[in-house]
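Rule-based calculations on the coordinates, nothing more; no lab input. None of these values were measured; they are calculated from a predicted model. Cβ placement follows ideal geometry from the backbone for every residue including glycine, while neighbour counts extend to all protein chains displayed.
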Amino acid sequence: MWTVIHIVQSEDRANEINEKLFQDGFLVKIQPINKNDEDGFFQILVPEGEAEEASNLIAALGLS
């Protein structure tokens, strides 16, 4: 099951976080919250078992 660990306001920011997490070996999904995803919010999702560690990495890297 996938768990939302972070929400960001731009696709660029979501892709930046995705790249950092992926480089550290996490599986990551990005989903737009609204249908109009150009200026909307995006969810960062990881598998439930990796959620705490991925969330801690986001905080440690100052990406939150």
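Key figures for this structure:
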{"item": "Members of region 38-64 found to be assigned to a helix (DSSP H, G or I) and surrounded by fewer than 16 Cβ atoms within 10 Å (Cβ to Cβ), listed by number", "result": "E48, G49, E52, E53, N56, A59, A60"}
{"item": "Residue list for region 1-52, restricted to those being among the acidic types (D, E), touching a residue at least 24 places away in the same chain (Cβ under 8 Å) and out of contact with any helix residue (DSSP H, G or I) (no Cβ under 8 Å at 6 or more places or on another chain)", "result": "E11, E16, D39, E48, E50"}
